[in-house]
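Engineer: Would you mind keeping the following structure in view while I ask a few things?
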Amino acid sequence: MGNWIDISQVLHDKIPVWPGDTPFHYEVSWGMEESGSVNVGQVTMSTHTGTHIDAPFHFENDGKKVIELDFNLYIGPALVIYVEKPESIGLKELQGVDLKGVKRLLIRTDAWQDKTVFPESIPHIEPELAAYLAEHGVQLLGLDLPSVDPLDSKELSAHHELNDQGIHILEGLVLDKIEPGEYELAALPLPLEQADGSPVRAVIQKKE
Ligand SMILES: Nc1ccccc1C(=O)C[C@H](N)C(=O)O
Ligand SMILES: [Zn+2]
Ligand SMILES: [Zn+2]
């Protein structure tokens, strides 16, 4: 116990955000001097900044919001695999990966290396992969990328297909130092009642 590894992006005012989205900002809005006793902070951010989960409401008006998601999904055994800088991630890229008993799959691609800038393009999840993952029992898919679809996609086919197959999405992980293998994962969303997504503190611990 105790050897948990942080796989989250640090949230600070310079963290890159989706082009056009709300910049991240923290400030002490009620300082010691003014309040007489404490510093009280205020955070302004997009729900899709840094390491975060998507709720289905992000891409479907009648989709589940964050509070409706079963938080058990975000805690438990996870398999980390390494697919180095692929064009896209489909069946071919997952060939040879034994998904037996894998409920949570984290894919390290190293395709977003400089996390001080938003990437210009990213490998996307091929929508056909969703059914294959679901067949093997995968219910959570995590990536070291800001989206599962191409950045310019309006259809968001991978988001929809994953959701249709009952697979939830975790984006923006930091996996560049993580060896493939079996881990415990904890990446709990905040109890946001109305939200389409939530930042998470994602951590993993190597299985003995
Ligand atoms: N923040 C945004 C602002 C505008 C348009 C899209 C986004 C996204 O984050 C979508 C992305 N496909 C996502 O997976 O979360
Ligand atoms: Zn997102
Ligand atoms: Zn997404």
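The values are calculated or read from the model by the stated rules, or taken from the named source; none is laboratory data. Everything numeric here is computed off the predicted structure, so don't read it as measured data. Here Cβ is always computed from backbone atoms with ideal geometry, including for glycine, and neighbour counts include all displayed protein chains.
Engineer: Would you pick out the residues in the range 146-157 that are crowded, with 22+ Cβ neighbours inside 10 Å and more than 9 Å from ligand 1 (Cβ to nearest atom)?
Structural biologist: none
Engineer: Related question: All but one of (1) away from ligand 1 (no atom under 16 Å from the Cβ); (2) part of a strand (DSSP E or B) hold for residue 53; state the number of the condition that does not hold.
Structural biologist: Every listed condition holds for residue 53 apart from (1).
Engineer: Please find, within the range 158-175, the residue that is nearest to residue 78 (Cα to Cα) out of those that are more than 16 Å from ligand 2 (Cβ to nearest atom) and surrounded by fewer than 20 Cβ atoms within 10 Å (Cβ to Cβ). Reasoning before the result, please.
Structural biologist: Pass one, the range 158-175, residues more than 16 Å from ligand 2 (Cβ to nearest atom): 164-166, 175.
Then drop every residue that is not surrounded by fewer than 20 Cβ atoms within 10 Å (Cβ to Cβ), which leaves 164-166.
Numbers: 164: 21, 165: 18, 166: 17 Å.
Applying the filter and picking the extreme gives 166.
Engineer: Given the criteria out of contact with any strand residue (DSSP E or B) (no Cβ under 6 Å at 6 or more places or on another chain), within 16 Å of ligand 2 (Cβ to nearest atom) and free of Cβ contacts under 8 Å to residues at least 12 places away in the same chain, does residue 152 qualify?
Structural biologist: So residue 152 passes the test.
Engineer: Hey, another quick one. Taking the condition within 16 Å of the chain's Cα centre (by Cα), surrounded by 22 or more Cβ atoms within 10 Å (Cβ to Cβ) and more than 15 Å from ligand 2 (Cβ to nearest atom), does residue 178 pass? Let's see the steps before the verdict.
Structural biologist: Numbers: within 16 Å of the chain's Cα centre (by Cα): yes; surrounded by 22 or more Cβ atoms within 10 Å (Cβ to Cβ): no; more than 15 Å from ligand 2 (Cβ to nearest atom): yes.
When the stated conditions are applied, residue 178 does not pass them.
Engineer: Looking at (1) in contact with a helix residue (DSSP H, G or I) (Cβ under 6 Å, 6 or more places away or on another chain); (2) surrounded by fewer than 16 Cβ atoms within 10 Å (Cβ to Cβ); (3) not charged (D, E, K, R), which is the one condition that is false for residue 116?
Structural biologist: Every condition holds for residue 116 apart from (1).
Engineer: Report whether or not residue 29 is away from ligand 1 (no atom under 16 Å from the Cβ), of a type in the set (Ser, Thr, Tyr), assigned to a loop (DSSP other than H, G, I, E, B) and out of contact with any Leu (no Cβ under 8 Å at 6 or more places or on another chain).
Structural biologist: So residue 29 does not fit the description; no.
Engineer: With 85, 65 as the choices, which residue is in contact with an Asp or Glu (Cβ under 8 Å, 6 or more places away or on another chain) and at positive phi?
Structural biologist: None of the other options fit; the residue is 85.
Engineer: List every residue pair whose Cβ atoms lie under 7 Å apart, where the two residues are 6 or more positions apart in sequence or sit on different chains, the first residue falls within the range 130-141 and is of a type in the set (S, T, N, Q), and the second residue, located anywhere, is not in a strand (DSSP E or B).
Structural biologist: 139/73; 139/103; 139/166; 139/167
Residue by residue, here is whether (1) aliphatic (A, V, I, L, M); (2) more than 29 Å from residue 14 (Cα to Cα); (3) assigned to a helix (DSSP H, G or I) holds:
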{"residue": "93", "(1), (2), (3)": "no, yes, yes"}
{"residue": "99", "(1), (2), (3)": "yes, yes, no"}
{"residue": "120", "(1), (2), (3)": "no, no, no"}
{"residue": "146", "(1), (2), (3)": "no, no, no"}
{"residue": "154", "(1), (2), (3)": "no, no, no"}
{"residue": "170", "(1), (2), (3)": "yes, no, no"}
{"residue": "175", "(1), (2), (3)": "yes, no, no"}
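Engineer: Then there is this: Residue 2 - would you say it is assigned to a loop (DSSP other than H, G, I, E, B) and in contact with a Pro (Cβ under 6 Å, 6 or more places away or on another chain)? Outline the logic, then answer.
Structural biologist: Values: assigned to a loop (DSSP other than H, G, I, E, B): yes; in contact with a Pro (Cβ under 6 Å, 6 or more places away or on another chain): no.
When the stated conditions are applied, residue 2 does not pass them.
Let's see how each residue does on (1) at pLDDT 95 or above; (2) away from ligand 2 (no atom under 16 Å from the Cβ); (3) assigned to a strand (DSSP E or B):
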| site | (1), (2), (3) |
| --- | --- |
| 22 | yes, no, no |
| 43 | yes, yes, yes |
| 57 | yes, no, no |
| 85 | yes, yes, no |
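Engineer: For the list (1) surrounded by fewer than 14 Cβ atoms within 10 Å (Cβ to Cβ); (2) farther than 27 Å from residue 196 by Cβ; (3) in contact with a strand residue (DSSP E or B) (Cβ under 8 Å, 6 or more places away or on another chain), I need the number of the one condition that residue 81 fails.
Structural biologist: So the condition that residue 81 fails would be (1).
Engineer: All but one of (1) within 22 Å of residue 118 (Cβ to Cβ); (2) within 16 Å of ligand 1 (Cβ to nearest atom) hold for residue 177; state the number of the condition that does not hold.
Structural biologist: So residue 177 meets the others, but not (2).
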